[in-house]
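Visitor: Can you keep this structure in mind? I'll have questions shortly.
The values are calculated or read from the model by the stated rules, or taken from the named source; none is laboratory data. Only a predicted model underlies this, so the values are computations on that prediction, with no experimental measurement involved. Neighbour counts are summed over all protein chains in view; Cβ atoms, including those assigned to glycine, are modelled from backbone coordinates with ideal geometry. To get the accessible areas, we keep the full protein, side chains included, count just its heavy atoms, and leave off ligands, DNA and RNA. Shrake-Rupley method; radii C 1.70, N 1.55, O 1.52, S 1.80 Å.
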Amino acid sequence: MNHQPRPARQHGRRRYRYVEMTLAPDPEATPYTVHATCTTCGDQSPVPEATETMTGMHHQAQRWCTSHAARDHPDGRHLRYTATVTLHWRITPNEDIGPAAPAG
């Protein structure tokens with residue numbers, strides 16, 4: 001067997017250390033949103049008002065589901081839905097760890 005030497009791999013040295021961070025609701029975003037999606041056709045409930053409570057958003061999404069299911073769709077009744085709750089969070093390091101990446 002002919003064994004050829006493998007090229008050496010260069011490994012850079014990096015130092016890591018623990019930085020304490022705080023996770024909290026993002027003050028620049030809506031704290032949460034609740035919406036429903038019909039899994040049959042993909043239609044979604046309307047975007048809730050930012051001033052609406054989470055319970056209010058939940059009820060609005062449920063009402064949309066029952067209203068959507070009551071419609072006469074050409075392919076039959078749409079009876080399956082998903083609910084999505086989105087929470088917007090922000091991490092705040094307790095010391096400077098460098099610039100934040102732009103939001104995308």
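Visitor: Could you pull out the residue among His35, His73, His59, His68 that is in a loop (DSSP other than H, G, I, E, B) and either touching a residue at least 24 places away in the same chain (Cβ under 8 Å) or open to solvent by 50 Å² or more (accessible area, probe 1.4 Å) (or both)? Walk me through it before giving the result.
Guide: Working: His35 fails: in a loop (DSSP other than H, G, I, E, B); His59 fails: in a loop (DSSP other than H, G, I, E, B); His68 fails: in a loop (DSSP other than H, G, I, E, B).
Being in a loop (DSSP other than H, G, I, E, B) and either touching a residue at least 24 places away in the same chain (Cβ under 8 Å) or open to solvent by 50 Å² or more (accessible area, probe 1.4 Å) (or both) holds for just one of His35, His73, His59, His68, which is His73.
Visitor: Further, regarding this structure: Scan Glu28, Glu49 and give me the residue that is in a loop (DSSP other than H, G, I, E, B), open to solvent by 70 Å² or more (accessible area, probe 1.4 Å) and in contact (Cβ under 8 Å) with a residue 60 or more places away in the chain.
Guide: Details: Glu49 fails: in contact (Cβ under 8 Å) with a residue 60 or more places away in the chain.
Glu28 is the lone residue from the list that is in a loop (DSSP other than H, G, I, E, B), open to solvent by 70 Å² or more (accessible area, probe 1.4 Å) and in contact (Cβ under 8 Å) with a residue 60 or more places away in the chain.
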